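Notes follow once the structure below has been shown.
The values are calculated or read from the model by the stated rules, or taken from the named source; none is laboratory data. Note that this is a predicted model, so its numbers are computed, not measured. Cβ atoms come from the backbone with ideal geometry, glycine included; neighbour counts cover every protein chain shown.
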Protein chains: 2
Amino acid sequence: MSQFDEVSVVKKANVYFDGKCVSHTVLFPNGTRKTIGVIFPSSLSFQTAAPEIMEIIGGVCRVRQAGESEWTTYQAGDSFKVPGDSRFDIETVEMLDYVCHFG
Amino acid sequence: MSQFDEVSVVKKANVYFDGKCVSHTVLFPNGTRKTIGVIFPSSLSFQTAAPEIMEIIGGVCRVRQAGESEWTTYQAGDSFKVPGDSRFDIETVEMLDYVCHFG
């Protein structure tokens, strides 16, 4: 599925890391929330509050979760879970499109 | 209204001008389409195919439409119309949030 249907979308973007990450928030009728966004080529460290699932829609990234020494490569069609109150390092060398699922 | 309700949203972003402009497409039940996006600080020249209305949601920009010599400043709450098959120059010195209305 290339789109979400019957949702609400917040007009104003979420911008992180000086614009290296830009997302828009999508609200679902059941009360859950996702963000759809892009990450520009960069090496970033994201903090999580709530647990989340990162789904890669386009591009490739390398990810290292808190406490791990190895990096794992993810590409379009892949997902990875991140616990709440944690962090992950992510490296991209091309534009990454993602959906971040919460709750 | 800070959000659009009962819409579809395309997961993958539209990226223009080497990432200076990033938007997501929102589809309405009546068949119309809008994009919600950001423009990073830059000086860009947009081409229009269809007529559009640019609505500024956050930030400030200066705009010069095709055939005009004067620049006009727009900020949050303002809109401007652009004819089809035309172009406009836009300058931003801070992050701009916009909604582009088509059809």
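Details
The rows are residues; the columns are (1) farther than 20 Å from residue B:35 by Cβ; (2) of a type in the set (Ser, Thr, Tyr); (3) modelled with pLDDT under 95; (4) within 13 Å of the chain's Cα centre (by Cα).
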site: A:5; (1), (2), (3), (4): no, no, no, no
site: A:13; (1), (2), (3), (4): no, no, no, no
site: A:25; (1), (2), (3), (4): no, yes, no, yes
site: A:28; (1), (2), (3), (4): yes, no, no, no
site: A:63; (1), (2), (3), (4): yes, no, no, yes
site: A:66; (1), (2), (3), (4): yes, no, no, no
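- Within the range A:21-64, the set of residues being of a type in the set (Val, Ile, Thr) and either surrounded by fewer than 16 Cβ atoms within 10 Å (Cβ to Cβ) or more than 10 Å from chain B (Cβ to nearest Cβ) (or both) comprises A:32, A:35, A:39, A:48, A:53, A:56, A:60, A:63.
- Among the residues listed as A:84, A:77, the single one being more than 24 Å from residue B:14 (Cβ to Cβ), outside any strand (DSSP E or B), in contact (Cβ under 8 Å) with a residue 12 or more places away in the chain and not hydrophobic (A, V, I, L, M, F, W, C): A:84
- Flag: residue A:93 matches the condition of being loosely packed, with under 13 Cβ neighbours inside 10 Å, over 15 Å from residue B:13 (Cβ atoms) and β-branched (Val, Ile, Thr).
- Residues located in the range B:87-103, provided they are part of a strand (DSSP E or B) and either free of Cβ contacts under 8 Å to residues at least 24 places away in the same chain or in contact with a Pro (Cβ under 6 Å, 6 or more places away or on another chain) (or both): B:92
- Conditions (1) part of a strand (DSSP E or B); (2) within 14 Å of chain B (Cβ to nearest Cβ); (3) surrounded by fewer than 16 Cβ atoms within 10 Å (Cβ to Cβ): number failed by residue A:18: (1)
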